[in-house]
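Peer 1: Right, I'll just put the structure down here and ask away after.
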Amino acid sequence: MFLSVFDMFKVGIGPSSSHTMGPMVAAARFLDMMRDSPFEFHGLKGSLHGSLAFTGVGHATDRATILGLAGFIPDTYDNDKAEAALADINATHTVQPEGLPPLAFDPIADLVFDYDHTLDGHANAMILMATDAQGDVTLRQVFYSIGGGFVLTEEELAQGKATDEGDPVPYPFKSATEMLEMAKASGKSIAAMKRANEISRGCEVSLAKGTARLWEVMNGCIERGLVTDGILPGGLNVRRRAKGIYDALEAERGMNLTAPHTINDWMSVYAMAVNEENAAGGQVVTAPTNGAAGVLPATLRYYLDHVPGAAPSHIKDFLLTAAAIGGLVKFNASISGAEAGCQAEVGSAAAMAAAGLCAVMGGTPEQVENAAEIALEHHLGMTCDPVKGLVQVPCIERNGLGAIKAVSAASLALRGDGQHFVPLDSAIETMRQTGQDMHEKYKETSLGGLAVNVPNC
């Protein structure tokens, strides 16, 4: 099994990898299908189902789908151009994607939030259709946004399409048990095995440049969040808090009045900065999702700024180790809140971050696996219940607590020798089973939990 670090960590836009990035990616794929089709097309239609319908407005799913059909993609998204395109589409009821003729599309009439019909493949479902001059559908495709910006067609999902279809890699571990066995046999760290797998599909230079860019975008997101205040969009009137906390922490530096537990505030503020940017629709990196995008950058920033002996040269190993753990979670369970609750998002992110931190602080493969297990185990059962469908409450603070748990898990693992009672594979399987058993209203529908017990209007 191979999932590239650049699949696990993707540069995109907020507020959601599954509800914003995924639909935009799906729309881009549909345009490619249209370009390859022999038919002539005159219009577009679509419908959103399941979680994409229930929390689609709060996650800007409609906006993302419309922009995707106009030719926008997450990696090169430009907000000013997007706003201009949306204004034009609303005025003309037409989209003009490159390589296709102008297509009739009324955002209000032609994109339907279907709350009554769920599709069997996944909770995040959408249908896109192209029509001829008479308005008859001549091309139709069902897409599933399965978390982290990953998108599968109905046919791909039915075929059980794996994330990997390329040539064999040197260390194709599909479980944590296999990962540890390969590490022991080869004498390599988890990061070294992951690096060898990446290089077998690319090259060292591309890997180095790519991981450097990932951290540049992650850290840039932290920096923007730390200096920006105001009210987040969406109607909840949630006030940005990261800047105020950061300013207070900076003022306390050197005053010898700081309590030891203040380090938790630093971890939290880094994570909150990211997720406030995400909630505002800013540029983020899926880690492994947008809703959980703050945990890993906060943990890495904590390491670089607060751990004696930390070195920027370790950033790549941190990301590679985290990606290896994230791949195991995605392959054997889920990273989708709509499929398994927030345990699959913040829980997975905390496991990845704990593993990365443990690795760069000198942990053995066994200790790294232990760190990931501790972090994931203590998120089991966590629901996804965003108030008003917005990735704000409880999501922003939850990322801060996820980073704290990640650091604690790595620290506990480093205090041991790698031997522990619950294997990571068991924790991942338990998360999968728990997500399967969890009531649908607690899986990113905003029909239960805090979403219905907190006044939001």
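Read-outs throughout are calculated quantities, based only on the coordinates presented, and are distinct from any laboratory measurement. The structure presented is a predicted model; accordingly, all values stated were derived computationally and were not measured. Reconstructed Cβ throughout: ideal geometry from the backbone, glycine too, with neighbour counts over all protein chains shown.
Peer 1: Show that you can apply the helix-only estimate: for the chain, add -39,500 (n - 2.57) for every DSSP H stretch of four or more residues, divide by all residues, and state [θ] at 222 nm to the nearest 500.
Peer 2: Mean residue ellipticity at 222 nm (helix-derived): -15500 deg cm²/dmol.
Peer 1: Let me ask something else. Excluding residues fewer than 8 places away in the same chain, name every one of the lysines whose C-alpha is closer than 30 Å to that of LYS316.
Peer 2: The qualifying lysines are LYS10, LYS161, LYS174, LYS184, LYS188, LYS194, LYS209, LYS243, LYS330, LYS405.
Peer 1: If you don't mind, another one. For the pair ARG253 and ILE231, how long in nm is the line joining their label points, each one 7 Å along Cα→Cβ?
Peer 2: Rounded to a tenth, the inter-label distance reads 3.2 nm.
Peer 1: Set the Förster distance to 22 Å, then compute FRET efficiency between ALA158 and MET33 from the Cβ-Cβ distance, nearest 0.05.
Peer 2: With R0 = 22 Å, the Cβ-Cβ based efficiency is 0.80.
Peer 1: On to the next question. Lys and Arg at +1, Asp and Glu at -1: add these up for the other residues within a Cβ distance under 15 Å of ASN453 and post the number.
Peer 2: Around ASN453, the charge tally is +1.
Peer 1: Let me check against my output: what whole-number percent is the relative contact order of the stretch 16-158, with C-alpha pairs under 8 Å and at least 6 apart?
Peer 2: Averaging sequence separation for qualifying contacts and normalising by length gives 37 percent for the stretch 16-158.
Peer 1: So I have (1) 39; (2) 44; (3) 63, and one of them is percent of Cα pairs over 31 Å apart calculated from this model. Which one is it?
Peer 2: (1)
Peer 1: Using the beta-carbon distance between ASN79 and ALA109 and R0 = 30 Å, what value does 1/(1 + (r/R0)^6) give for FRET efficiency, to the nearest 0.05?
Peer 2: 0.70
Peer 1: With a point put 7 Å past each Cα toward its Cβ, work out how far LEU450 is from SER206 in nm, to one decimal.
Peer 2: Label-label distance for LEU450 and SER206, simple model: 4.0 nm.
Peer 1: On a full-extension model of 0.36 nm per residue, what is the gain between GLN96 and THR262, subtracting their alpha-carbon distance, rounded to one decimal in nm?
Peer 2: 54.5 nm
Peer 1: Let me ask something else. First select every other residue whose beta carbon is under 11 angstrom from the beta carbon of SER17; then total the charges, Lys and Arg +1, Asp and Glu -1.
Peer 2: 0
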